[in-house]
Amino acid sequence: MTHRLAVLISGAGTNLQAILDHIAAGDLPATVSLVLSNRPAANGVAVARDAGVPVAVIDHRDHPDRETFDRAMVERIDAHGADTVVLAGFMRILSAPFVAHYRGRLINIHPSLLPRYPGLDTHARALAAGDAEHGCSLHFVTEQLDGGPLIARAAVPVRENDSVETLSKRVQQQEHRLYPHILRWRAEGRLQLTDQGVELDGEPLPAEGLRLDATP
């Protein structure tokens, strides 16, 4: 059976587009069974509809609290039989019951080299700190914000004349390369989260994840 992905978005949907492109090219043996957005006007909704992918819009503002909103998402995601839930620019903190329900099936991408700079404004923070490198990280999601077990990271050098915009663009290019790569491991049954940590092909990954920087 084809591995089914539910992709959660809040914005432009650039990682969603990268995932769809890799599926279309035959590089990712999976299907997107659902795209779910908490923002009706998110550009990623149009990306999904243009690709003919099922779309659900569940506006968090229509729900009295986080738990009620998350239950509505769970109902819709489970109705589409997702094997992996993919957070791709989903800008909502998830409740503990949601995270527990999808334990080992919930993956996030974050625009920093975790554990550095969890949270927001990562590019500005890297520039302010004078970091020599910056990048993105993929991890399984736990209740700790941006603190779940790391799968892989990809770095880019920080250039002397970088702005938030230029650095963000180069990091995003790595996101678009890294996410489909790791999702292929999931689709092939190679990547798992166990009680001992993250395993690839039955072997434990280091706590810092794998470094999968682009070839210069």
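The values are calculated or read from the model by the stated rules, or taken from the named source; none is laboratory data. As the structure is a prediction and not an experimental result, all values here were calculated from the model. Ideal geometry is used to build each Cβ from the backbone, glycine not excepted, and the neighbour counts take in all protein chains shown. Only protein heavy atoms, including side chains, enter the accessible area calculation; ligands, DNA and RNA are left aside. Shrake-Rupley method; radii C 1.70, N 1.55, O 1.52, S 1.80 Å.
Under the convention that each Lys and Arg Cβ holds +1 and each Asp and Glu Cβ holds -1, the size of the dipole of region 1-123 around its Cα centre is about 140 debye. Over all Cα atoms in region 18-62, the spread is summed up by Rg and Dmax: 11.7, 38 Å.
Extension gain, ASP50-ASP121: 0.36 nm per intervening residue step, less the Cα-Cα distance, totals 22.5 nm. The antiparallel fraction among DSSP beta bridges confined to the chain stands at about 45%.
Taking all protein chains together and a 1.4 Å probe, the residues ARG39, ARG92, ARG153, ARG159 rank ARG159, ARG39, ARG92, ARG153 from largest to smallest accessible area.
Just to confirm the number: angle between the C-alpha axis of helix 164-187 and the first principal axis of the chain, 0 to 90 degrees, nearest 10? Here the helix axis deviates by roughly 50 degrees. Overall, the accessible surface of the chain at a probe of 1.4 angstrom is composed of carbon and sulfur to the extent of 49 percent. With R₀ set to 30 Å, the beta-carbon distance separating THR194 from SER163 gives a calculated FRET efficiency near 0.15. Using C-alpha pairs under 8 Å with a sequence gap of at least 6, the mean separation divided by the residue count of the chain gives a relative contact order of 19 percent. The structure-derived value of Cα Rg over 2.2 N^0.38 Å appears in the list (i) 1.06; (ii) 0.98; (iii) 1.11 under the label (ii). Once C-alpha pairs closer than 8 Å and six or more residues apart are averaged by separation and normalised to the residue number of region 168-216, the relative contact order reads 24 percent. Across q = 0.10, 0.15, 0.18, 0.22 Å⁻¹, region 1-100 modelled as identical point scatterers on its alpha-carbon atoms has Debye log10 I(q)/I(0) values of -0.24, -0.55, -0.79, -1.15, in the order of the q list. Helix 14-24 and the longest principal axis of the C-alpha atoms of the chain enclose an angle of approximately 70°.
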